[in-house]
Each structure stands twice: as structure tokens, then as C-alpha cells.
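Participant: The following block contains the structure, expressed as C-alpha cells.
Values quoted throughout were computed directly from the atomic coordinates according to the rules given, and no laboratory measurement underlies them. As the structure is a computational prediction, the values presented were derived from the model and not from experiment. Every residue, glycine as well, gets a Cβ built from its backbone with ideal geometry; the counts of neighbours run over all protein chains shown.
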């Protein structure tokens, strides 16, 4: 059966597909830090940059700007409205 430019999932389910949960690569966000990983006076969130989605489990793969490594997290608030993506100049100044 030819799809004629229609998304296969829409043909299979019969409904329109929503892409609102998708995020822009390089988007700035804030990752939640669990209670057991912080002290009372520590910040409750850490800045991060969206790198992609986790392949093995549910969650996002952000670049932690504090620890300078890629982690897996489900509790992230993305700042998509303020800036669509972090520019290369901003990335170099943050990561250095």
C-alpha cells in the first residue's frame, strides 16, 4: 500500500501525530537535581544543553554544563521560547 507522503504511524493508528514533545538540538535547559544528591543550600537544578534522546530507556541525553559530561535525565525544563538553539560561540564560552 503506497503511503503517498503520509507518516506510517498515522496510517497505522488512523490519527494525526503530535510532535510537540520533540526538542531542538542544542536547546538550553535546566536539569533537576534529586534531594539525595544535593545539600539543603545547593541549587535544585543544573544548566544543561539538549544533545538527543536516550536509545535504551525513556529520557533525554543532556550535556551537563557543571560536570562537563553527557548524562541521562527525565526531569528537564527546556528554554525553547527564549532561544531556539545555543550558538557555537556560546557553546565554546560555556564549555571552556
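Participant: In what order do 67, 55 fall by count of nearby beta-carbon atoms within 10 Å, going from fewest to most? Don't skip to the end; give the middle numbers.
Facilitator: Working: 67 10, 55 6.
Listed from fewest to most nearby Cβ atoms, that is 55, 67.
Participant: Counting other beta carbons within 10 Å of each Cβ, put 6, 49 in order, fewest first.
Facilitator: Details: 6 10, 49 20.
So the ranking, lowest neighbour count to highest, is 6, 49.
Participant: Need one number: nm distance between label points at residue 64 and residue 17, each 7 Å from Cα along Cα→Cβ, rounded to one decimal.
Facilitator: The two pseudo-label positions are separated by 3.3 nm.
Participant: Only counting other Cβ atoms within 10 Å, I'd like 63, 12 sorted with the fewest neighbours first. Before the final figure, lay out each step's value.
Facilitator: Details: 63 22, 12 8.
Least to most surrounded, the residues fall as 12, 63.
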